[in-house]
Amino acid sequence: MKIRTAKGLTFDDVLLIPQRSSVASRQDVNTSSWLTPKLAMNIPIISANMDTVTETAMALAMARIGGIGIIHRFMTVEQQVRQVKQVKRSEGFIVENPYTIDQNRSIARAQKMMQEHDIGGLVVTDAEGKLMGLVTQRDLLLVPDEQAAVRTVMTPHDQIISGTPDTSPDEARAILHEHRLEKLPILDAAGNLVGLITAQDVIKRQQNPQATKDGKGRLRVGAAIGVKAEDLKRTEALLAAGADVLVLDIAHGHADQCVAMVKTLRRDFPQAQIIAGNVATRDGARELAEAGADAIKVGIGPGSICTTRIVTGFGVPQLTAIMDSAAGLQAAGIDIPIIADGGIKTSGDLVKALAAGASTVMIGSLFAGTEEAPGSPVIRDGQKFKVVRGMASLGAAMGRKEAEKRDLDQQEPGKNNVEINDEESAESQVDWAKVVPEGVEAVVPYRGNVQEIVYQLVGGLRSGLSYGGARSIRELQEKAEFIEISAAGVRESNSHDVRRE
Ligand code: XMP
């Protein structure tokens with residue numbers, strides 16, 4: 001047995017000491033950071049892979065603001081893949097595989113497809129897949145016979161104005177405007193359809209110049225996976241769907257199975273960007289990095305809905321966990337980003353996490369009350385709330401079992417089948433009374449759009465950088481000097497001796 005007597009510290013235990021600053025305006029600072037060595041973001045904020053925080057809507061909003069969302073894994077592979085695709089297809093310089101419909105299918109079918117995929121138009125093809133025309137929402141408006149073939153309402157091939165693979169975004173914009181078009185099909189020299197540029201994409205690009213995008217102008221999105229053998233199938237499907245980064249997420253990441261999974265992923269998917277965690281120690285961070293992770297997620301028990309520390313007695317106060325993990329990587333000479341996961345309540349916490357060595361932060365509950373988080377608001381005592389639940393809470397565990405069951409039900413015998421060993425079969429008859437949760441379910445006030453919360457967080461970060469005499473997050477880390485404060489200091493830091501309305 002050992003005891004470490006140096007105190008473990010968290011955000012409220014410390015303040016950052018102001019540094020001499022030459023930053024004249026909050027606009028002079030750069031809030032960009034690295035999610036992994038290959039993935040840059042304009043703001044260092046990630047929405048958590050929790051089922052009450054990140055699905056398609058949150059992932060879209062986060063990427064548009066300049067952060068990223070990680071779609072949780074407590075759904076079937078098909079559902080998770082669909083969500084990733086929705087984000088990847090939502091915008092881009094060019095839609096590479098536009099949705100198509102055969103010219104002889106009905107108008108009703110076209111309407112259903114547009115609704116399902118949340119798109120405004122379809123490319124019409126013949127049986128061989130050759131371009132025959134275009135059909136948009138406008139063509140379908142108030143049609144007298146929904147059973148008529150799509151070809152009867154489409155804009156036929158010879159009337160379509162098209163671009164070539166060399167058409168630049170600016171040229172596309174000019175053509176779309178000149179002809180008052182919504183869609184510009186891109187055809188190669190042989191007249192084959194190779195993509196589609198939409199007016200919506202041009203508009204979105206102008207609206208969100210900070211957005212986190214890949215080389216093709218598509219929004220970036222991450223997806224969570226687990227450590228079981230069947231997660232390799234999930235991984236393959238998510239990468240094929242275009243997921244930019246995978247988060248290998250287990251409660252105790254410094255464990256044989258997590259290290260082994262990182263090695264397997266590195267071997268089988270050498271190009272994939274892999275974030276691994278969670279850890280809270282020097283050795284934990286180092287081992288996952290040495291196994292091949294591209295970034296390390298740090299946090300054992302700091303989350304607002306976590307009870308791990310109470311239930312198990314284990315954890316490290318988050319500021320110390322970040323510093324220790326950063327020190328572990330540095331000592332091993334490994335320069336990869338750290339993600340501070342959990343416990344962020346204010347922009348001040350965000351600044352402290354970054355100053356302590358994190359490159360980005362992951363946020364759960366603070367975002368769970370937003371419009372973009374899954375689920376509808378509930379009204380209690382006349383006020384709007386949304387539900388948040390720990391992923392190790394009883395409710396989440398029950399939901400997870402349901403999802404696993406649906407996943408298995410959907411698989412045909414012998415095809416892509418997940419192997420179930422006897423132990424797992426027995427486990428599927430779960431006695432819920434015997435489950436030991438490490439998280440709780442709660443409600444948080446409804447908070448409107450996530451963009452507004454992120455705006456406040458980034459505003460605080462900008463000011464924080466200027467107090468730190470830093471123009472970038474890296475400079476903030478280099479210059480950071482923390483001071484431990486007393487309970488009186490904490491009291492003084494909050495508003496006091498006034499009545500808050
Ligand atoms: P915040 O404080 O932002 O934290 O809500 C989000 C992070 O909390 C972790 N998480 C859990 N930890 N039991 C835990 O011990 C749980 O049930 C649980 N659910 C989420 C997770 O790392 C998340 O990103």
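Residues that are assigned to a loop (DSSP other than H, G, I, E, B) and near the ligand (Cβ under 8 Å from one of its atoms) within the range 293-314 comprise GLY299, ILE300, GLY301, PRO302, GLY303, SER304, ILE305, THR307, listed in sequence order. Taking the range 317-352 as the range and being without any contact (Cβ under 8 Å) to a residue 60 or more places away in the chain and surrounded by fewer than 24 Cβ atoms within 10 Å (Cβ to Cβ) as the test, the residues that pass are MET323, ASP324, ALA326, ALA327, GLY328, LEU329, GLN330, ALA331, ALA332, GLY333, ILE334.
Can you pull out every residue in the range 447-461 that is open to solvent by 60 Å² or more (accessible area, probe 1.4 Å) and within 16 Å of the ligand (Cβ to nearest atom)? Answer for the range 447-461, where residues must be open to solvent by 60 Å² or more (accessible area, probe 1.4 Å) and within 16 Å of the ligand (Cβ to nearest atom): ARG447, GLN456. ASN97 meets the conditions (1) farther than 27 Å from LEU366 by Cβ; (2) of a type outside the set (Asp, Glu); (3) modelled with pLDDT of 95 or more in every case but one. The failed one is (3).
Could you tell me whether the range 178-185 includes any residue that is open to solvent by 50 Å² or more (accessible area, probe 1.4 Å) and either of a type in the set (Val, Ile, Thr) or not in a loop (DSSP other than H, G, I, E, B) (or both)? Within the range 178-185, one or more residues are open to solvent by 50 Å² or more (accessible area, probe 1.4 Å) and either of a type in the set (Val, Ile, Thr) or not in a loop (DSSP other than H, G, I, E, B) (or both).
Before we move on, is GLN83 crowded, with 23+ Cβ neighbours inside 10 Å and either in the same structural domain as GLY121 (by TED's automatic domain parsing) or of a type outside the set (A, V, I, L, M) (or both)? So GLN83 fits the description; yes. When the range 335-380 is filtered for residues that are away from the ligand (no atom under 13 Å from the Cβ), of a type in the set (Lys, Arg) and either part of a loop (DSSP other than H, G, I, E, B) or touching a strand residue (DSSP E or B) at 6+ places or on another chain (Cβ under 6 Å) (or both), nothing remains. Within the range 269-314, the set of residues being among the small types (Gly, Ala, Ser), open to solvent by 30 Å² or more (accessible area, probe 1.4 Å) and modelled with pLDDT under 95 comprises SER304 only. Would you point out which residue out of ALA272, ALA276, ALA293, ALA280 is more than 18 Å from ILE334 (Cα to Cα) and of a type in the set (A, V, I, L, M)? Going through ALA272, ALA276, ALA293, ALA280 in turn, just one is more than 18 Å from ILE334 (Cα to Cα) and of a type in the set (A, V, I, L, M): ALA272.
Of note, VAL245 does not satisfy the criterion of being surrounded by 18 or more Cβ atoms within 10 Å (Cβ to Cβ), within 23 Å of the chain's Cα centre (by Cα) and under 19 Å from VAL95 (Cβ atoms).
The values are calculated or read from the model by the stated rules, or taken from the named source; none is laboratory data. Quantities reported herein were computed from a predicted structural model and do not represent experimental measurements. Reconstructed Cβ throughout: ideal geometry from the backbone, glycine too, with neighbour counts over all protein chains shown. Surface accessibility is based on the protein's heavy atoms, side chains included, excluding ligands, DNA and RNA. Shrake-Rupley method; radii C 1.70, N 1.55, O 1.52, S 1.80 Å.
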